[in-house]
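Note sheet for the following structure.
The values are calculated or read from the model by the stated rules, or taken from the named source; none is laboratory data. Predicted model only: the values in this text are computed from it and were never measured. We place every Cβ from the backbone using ideal geometry, glycine too, and count neighbours over all the protein chains shown.
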Amino acid sequence: MLAAVLSIGGIGLVAAAALGLAAKKFAVEVDPRELAILEALPGANCGACGYPGCAGYAKAVAEGTISPNLCTPGGADTVEAIAKIMGIEAITAEPQVAVVLCQGDNRKATQKYRYLGLTDCNAAQKIADGPKTCPGGCLGMGSCQRACPFGAIEMTPEGLAVISREKCTGCTKCVAVCPRQVIKMTPLEAVTHVLCNSHDKGAAVRKYCQVGCIACQICKKTAPEAYMIEDFLARVEYPQHAQAVAAVEKCPTKCIRDFSSGYPEGSSFAPPTVPVAKDNAA
Amino acid sequence: MVELLVILISAVFVNNFVLARFLGICPFLGVSKKVETAIGMGMAVIFVLTVASVVTWFIQYLVLIPFGIEYLQTIAFILVIASLVQLVEMVIQKTSPVLYQSLGIFLPLITTNCAVLGVAVLNIQKSYSFIESVVFSLGAGLGFTLAMVLFAGLRERLELCPVPQSFRGTAIALVTAGLLSLAFMGFAGLVKG
Amino acid sequence: MNLKTFAGGLHPPDNKKWSADKPIELCPLPEELIIPAAQHIGAPAEICVAVGDTVKKGQMIAQAKGFVSVPIHASTSGEVIAIEPRLHPMGRPLPAVVIKPDGQDQWDDSLKPNDPEQLDSETLKSLIRDAGIVGMGGATFPTHVKLSPPEGKTIDTLILNGVECEPYLTADHRLMLEQSERLIDGIRILRKILGVKDTIIGIEANKPDAIEHLNKECAPHQIQIQPLKVQYPQGAEKQLIDACTSRQVPSGGLPMDCGVVVQNVGTCAAISDAVRLGRPLVERVATVTGPGIKEPKNLLVAVGTPLQHLVDQCGGLNGEPAKIIMGGPMMGQAQLSLEVPAIRGTSGLLIFREPDLQVRPAGPCIRCGRCVSVCPIHLQPTTIAAYARLDLIDEAEHYNALDCIECGCCTYICPAALPLVQSIRHAKGGIMAKRRKL
C-alpha cells in the first residue's frame, strides 16, 4: 500500500517539478481579456471587421486601440459584451442588411447572348459585360451565395439572388464580390426598396426588363420626401423610409417592394414580420 | 540488428497503428485537413510516443515490478503521458503559435490518444528490451505520421472535387480512410508478427 | 522534308480546304467605316479629328498615347460623320471614328516613300510606329516596341511566323503565295533594324505550295525556310522558337530573353509598305469562312469594315448564325453581332450555325489528364482550373497560371466540356488584381 502511494506520489511530484520549470521557461504572455473577447465573438471568421479572423480582432481590441463595434455579425449583444470586458462605453451602429436591388430574373429580363461558361458572376461579367442585357441587373450565377459565410443568400429557380433579412448579419462580403454592385447595404428598419439598378432611360429599360425602374416619377409624386430620382433611377431616401410604402401600389412596373409583405417572386424565404432585433446571428 | 529492423518495418507499415491497429483515429480525422498541420501533429506525437515509451519502460521495470504494484500500470502511465503532453503544449505555444492555433483542441487530446497508451502497454506485453521498445515506439510514431500525412494529402485533393452532397465532409473522409487502410493491407505478410 | 516540332499540342481538323486556293480578293468599301481607337495592346489612341472633317486615306485620326501605343489612321478618304461609342469586337461600345467614304480612295499627300537602305534603325522604327504597325497574327502588340529590346538583350535570330496554325484561316498562306516580294522586302528591313543575319520562316507542312514557292524566292536572300509538323499551337511564339531553334523561352520571360524576335508574315509585309511606300496600316487580308458562309474567301479588308459587309461579299449567310468568331476557332473572340467592325488584328471571320456547334453541358472533372498531356507549356490545367473555381488564387499562382498562353488545347480536348481556359483566365485576373493591391 505504502509503496503504491509513494510511487504514484513520487512520479506526480517529479512531473510537477518538471512542468513547473518548463512553465517558467516557456511562458507566453496572454492577455486574459483577449480570451474573453474571443469567447464573446460569433466565431465565424468572416473578416467583416477587417482583421484576420475573430482571433485577430480579439487581439486588436484587447490592445485597446480599436473600437468594439466593428463586428457587425455579432450585433448589439457582442458589442455590449466586449465593452463590458474592456470596461468602456458601448456605442452600437444602426444594424444594416444587404439587399439585392433587382427583380429581373430569367423570365422578366432579357439576355444579350447565350452564356456557356464558368458559373461565376465575375467570370461572366468579363465576357462582353455579362449575358444580361441590363447593364446593372443581377447575373444570377451565385457568386454572392458562395461568398456569404452565413448562408443568408439563395438563388431562385429563375436565376435571381435574394438575401434573407433575418439571416443577414451585415458583414458586406456579398457587396464586395458582386461585379455589378447590385447589392447595397440598407438599414434593417427600412423594409421598402426600389429593386432596380439600371440608370438607362425608361424606354431602354422597358426593352430589356419587365420590372425595371423607368423613372416615371410617380413614386416621388406620391411620397415626395421618401424618394429621390437620380440618373433615371428612383431610390428610397432611407431616413424617411416609413413614408415610402405609400408608393408601392402606384408603381407601374412594380419595381418597388415592401419586404414585410414578402420577398421577390421565386424566393423560398417566408415574409419577415417586423424588422427582427438580432441576437448573435451566427 | 535484423530484429530491430523487423520491429520498425512492422510498426510503420505492416501493423500501422492507425490503418491496421485502428488506434489514434481521433487526431487522424481531426487534424488531417492540411498537410502542414498533419506534419506538425505527427512530430508532436513522435516526440510524446518516444519519450513516454522510455519513461514508462523505466517506471515499469524499476518501480512497478520491484515493488509489486503492476496493477498501477495504467494510472502511472497516464500520469507520465499527461505530463509530457502538457510539456509539448507549452513548447509549441511558445515556438509556433500558428501551429498551436491550428492544432486547437487536438493537442491536449494526445493524452487520450489510445495509440500513445497502446504503445506503452504493448512494449510491456511484448516484453521488449529497452532498445526494442525505443525502436517500436519510434516506428509507431513514424507510421502514425505517415498515415496522417498521406491522408491529409488526399483530403486536400478532395477539397477540389465536386463531391456529391450526401458524401461531403466526414462521410467521404471516412470512405477514403477505409480505402487507405485497404491499401496498407497490401503490406500484410511482409514481416512476421 | 525535315519537319521540326515542339512537345505537346494537338491536331484539330484544319478545315483550310474551303479557302486555301482562293486568291486574295479586294473587298469593296462599305457605306460607313467604323474605326475604333482601341485596336492594339497598350493605351488606346486619342482621337484627334472632329465631326465634319474631311480625311484622306492614311491620314492620322487618333494619336498614339505613350510608348506602348500606335496611331490610328483613316482607311479611305471621306468625311467624319460621327465620333461616338460603337460596338467593339471586345463586346462593349467603345469610342470610334465613323467615316463615310467619298469613293475617291485618295491617299494623304504627306505620305512619302523612303529608301530603307538610306535610313538608320531608329528612323525605321519610328516610321513603323507612325504607320501604326501592330502584330497582325491577332495579338496586335505594337511592333516598334518588339523591335526595341532593352539594354543587354542581344538578338541574333529573326523568325517569321508563316505557320497560321489556327484551323480555317488561310490569309497568311495566300499572302506568302501571292505577295512574297513584300514579305522579303519587309524581312530585309527587319534585318537592318535588328542587325541580325539568321532568318527563318516557319511554315506548317499543310502549306506545301507556299513552302516550295518561298524556297525558290528566298534562296538568294539567305532566308531559311523551316517546314514544321502540323500541330496546334505551332504558331505560338514560344512553340515556334522551340521548334525552329530548340531554345526555350524562360517562364515569365519573352522571346528576346533567348535572343529571338518573332514577327507574323502579314506584319512583315505591312512593314515593307510602311517604310518603302510610306503607307500606314489601313487594310489587311482576312479569311471569311465557316459552314455558315455561302462562298468562303480571302478578302483584302479596309480596317473599319463592318463584318456584315464582309459576309455580303461572300455570298451571304448560309442559314441562321449561332456563333460569330473574329479570328480562329481556338483563340478567336465570339462576337455579339455582325455590326462590329474588322480591325487591324482581324485575321478571320468564322460563322457557325446551331447544328455546327457541339454544345454540351459541362460535367465534373474526371481527372483523365488529357489536358495535362496536350498543354504546350506543360502546365496542369485541371489543377489550376479547380483552384480557380474555388477562388484559391495563391494556389493557382503556385501552379504557374500566369504562364498559360490561352491556346485552348485543354478546353478542346476535355471530355467533360469544362471551360478550362476561362477558369485559368479567371485565376490570372485574380493574381493580377492581388498584385495591384500590394
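Tabulated results
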item: Residue, surrounded by the most Cβ atoms within 10 Å (Cβ to Cβ), within region C:350-365, restricted to residues that are modelled with pLDDT of 95 or more and in contact with a Leu (Cβ under 9 Å, 6 or more places away or on another chain); result: C:Leu350
item: In region C:66-99, the residues that are among the hydroxyl-bearing types (Ser, Thr, Tyr), within 30 Å of C:Lys146 (Cα to Cα) and either within 14 Å of another protein chain (Cβ to nearest Cβ) or in contact with a strand residue (DSSP E or B) (Cβ under 6 Å, 6 or more places away or on another chain) (or both); result: C:Ser75, C:Thr76
item: Exclusive hit being surrounded by fewer than 24 Cβ atoms within 10 Å (Cβ to Cβ), in contact with a helix residue (DSSP H, G or I) (Cβ under 7 Å, 6 or more places away or on another chain) and within 22 Å of C:Pro142 (Cβ to Cβ), set C:Pro227, C:Pro250, C:Pro255; result: C:Pro255
item: The lone exception for C:Met331 - which of (1) over 14 Å from C:Tyr168 (Cβ atoms); (2) part of a loop (DSSP other than H, G, I, E, B); (3) touching a residue at least 24 places away in the same chain (Cβ under 8 Å); (4) touching an Asp or Glu at 6+ places or on another chain (Cβ under 7 Å) it fails; result: (1)
item: Contacts under 8 angstrom Cβ, first residue in region A:1-13 being facing chain B (nearest Cβ under 8 Å) and surrounded by 14 or more Cβ atoms within 10 Å (Cβ to Cβ), partner of a type in the set (Gly, Ala, Ser) and part of a helix (DSSP H, G or I), 6 or more apart; result: A:Ser7/B:Ala76; A:Ile8/B:Ala76; A:Ile11/B:Ala76
item: Condition check for B:Thr95: away from every other protein chain (no Cβ under 11 Å), surrounded by fewer than 22 Cβ atoms within 10 Å (Cβ to Cβ) and not charged (D, E, K, R); result: no
item: Restricting region B:176-189 to residues that are surrounded by 12 or more Cβ atoms within 10 Å (Cβ to Cβ) and either within 14 Å of another protein chain (Cβ to nearest Cβ) or of a type in the set (A, V, I, L, M) (or both), the residue that is farthest from C:Ala385 (Cα to Cα); result: B:Met185
item: All positions within region C:335-371 that are touching a residue at least 12 places away in the same chain (Cβ under 8 Å) and outside any loop (DSSP other than H, G, I, E, B); result: C:Pro341, C:Gly348, C:Leu349, C:Leu350, C:Ile351, C:Phe352, C:Arg353, C:Glu354, C:Asp356, C:Arg370, C:Cys371
item: Residue satisfying condition, being crowded, with 24+ Cβ neighbours inside 10 Å, in contact with a Pro (Cβ under 7 Å, 6 or more places away or on another chain) and of a type in the set (Gly, Ala, Ser), within set C:Ala269, C:Ala302, C:Ala274; result: C:Ala274
item: Residues located in region C:283-318, provided they are out of contact with any Asp or Glu (no Cβ under 8 Å at 6 or more places or on another chain), among the aliphatic types (A, V, I, L, M) and either assigned to a helix (DSSP H, G or I) or assigned by TED's automatic domain parsing to the domain that holds C:Leu169 (or both); result: C:Leu310, C:Val311
item: Checklist (1) within 14 Å of chain B (Cβ to nearest Cβ); (2) under 26 Å from the mean Cα position of the chain (by Cα); (3) surrounded by fewer than 21 Cβ atoms within 10 Å (Cβ to Cβ) applied to C:Leu392, failing item; result: (2)
item: Residues satisfying the stated conditions in region C:370-415, i.e. small (Gly, Ala, Ser) and either at positive phi or out of contact with any Lys or Arg (no Cβ under 7 Å at 6 or more places or on another chain) (or both); result: C:Ser373, C:Ala385, C:Ala386, C:Ala388, C:Ala396, C:Gly408
item: Selected residue (criterion: nearest to A:Gly56 (Cα to Cα)) from residues of region B:47-106 that are without any contact (Cβ under 8 Å) to a residue 24 or more places away in the chain and small (Gly, Ala, Ser); result: B:Gly104
item: Failed item in (1) within 11 Å of another protein chain (Cβ to nearest Cβ); (2) closer than 19 Å to B:Met41 by Cβ; (3) at pLDDT below 90, with B:Ile81 passing the rest; result: (3)
item: Number of positions in region C:116-163 that are among the charged types (D, E, K, R), touching a residue at least 12 places away in the same chain (Cβ under 8 Å) and part of a loop (DSSP other than H, G, I, E, B); result: 2
item: Tally, over region B:1-28, of residues that are crowded, with 18+ Cβ neighbours inside 10 Å and part of a helix (DSSP H, G or I); result: 9
item: Residues of region A:229-249 classified as in a helix (DSSP H, G or I) and either among the polar types (S, T, N, Q) or farther than 18 Å from A:Ala98 by Cα (or both), total; result: 7
item: Selected residue [under 16 Å from C:Glu283 (Cβ atoms), surrounded by fewer than 16 Cβ atoms within 10 Å (Cβ to Cβ) and not assigned by TED's automatic domain parsing to the domain that holds C:Gly202] from C:Gln63, C:Gln59, C:Gln106; result: C:Gln106
item: In region B:135-171, residue farthest from B:Gly42 (Cα to Cα) [restricted to those that are in a helix (DSSP H, G or I) and within 14 Å of another protein chain (Cβ to nearest Cβ)]; result: B:Gln165
item: Elements of type helices (runs of 4 or more DSSP H) in region A:1-110, at least 3 residues being among the aliphatic types (A, V, I, L, M) and farther than 26 Å from A:Pro187 by Cα; result: A:2-25, A:32-40, A:53-62
item: Complete set of residues in region C:398-438 that are outside any helix (DSSP H, G or I), touching a helix residue (DSSP H, G or I) at 6+ places or on another chain (Cβ under 6 Å), away from chain A (no Cβ under 14 Å) and closer than 29 Å to C:Glu164 by Cβ; result: C:Cys404
item: Single residue of region A:98-134 satisfying the filter (more than 7 Å from chain C (Cβ to nearest Cβ) and of a type in the set (A, V, I, L, M)) that is nearest to A:Gly170 (Cα to Cα); result: A:Ala98
item: Out of C:Ile343, C:Ile325, sole residue that is surrounded by fewer than 22 Cβ atoms within 10 Å (Cβ to Cβ) and within 16 Å of the chain's Cα centre (by Cα); result: C:Ile325
item: Residue in region A:144-162 that is within 12 Å of another protein chain (Cβ to nearest Cβ) and aromatic (Phe, Trp, Tyr) present; result: no
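Here's the yes/no breakdown for (1) more than 23 Å from C:Arg182 (Cβ to Cβ); (2) touching a Ser or Thr at 6+ places or on another chain (Cβ under 6 Å):
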position: C:Lys207; (1), (2): no, no
position: C:Pro220; (1), (2): no, no
position: C:Ile223; (1), (2): no, yes
position: C:Pro227; (1), (2): no, no
position: C:Leu240; (1), (2): no, no
position: C:Leu254; (1), (2): yes, no
position: C:Val260; (1), (2): no, yes
position: C:Ser272; (1), (2): no, no
position: C:Leu281; (1), (2): no, no
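For every residue, the table says whether it meets (1) assigned to a loop (DSSP other than H, G, I, E, B); (2) in contact with a Lys or Arg (Cβ under 9 Å, 6 or more places away or on another chain).
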| residue | (1), (2) |
| --- | --- |
| C:Asp14 | yes, no |
| C:Trp18 | yes, no |
| C:Ala38 | yes, no |
| C:Ala50 | yes, no |
| C:Leu94 | no, yes |
| C:Pro113 | yes, yes |
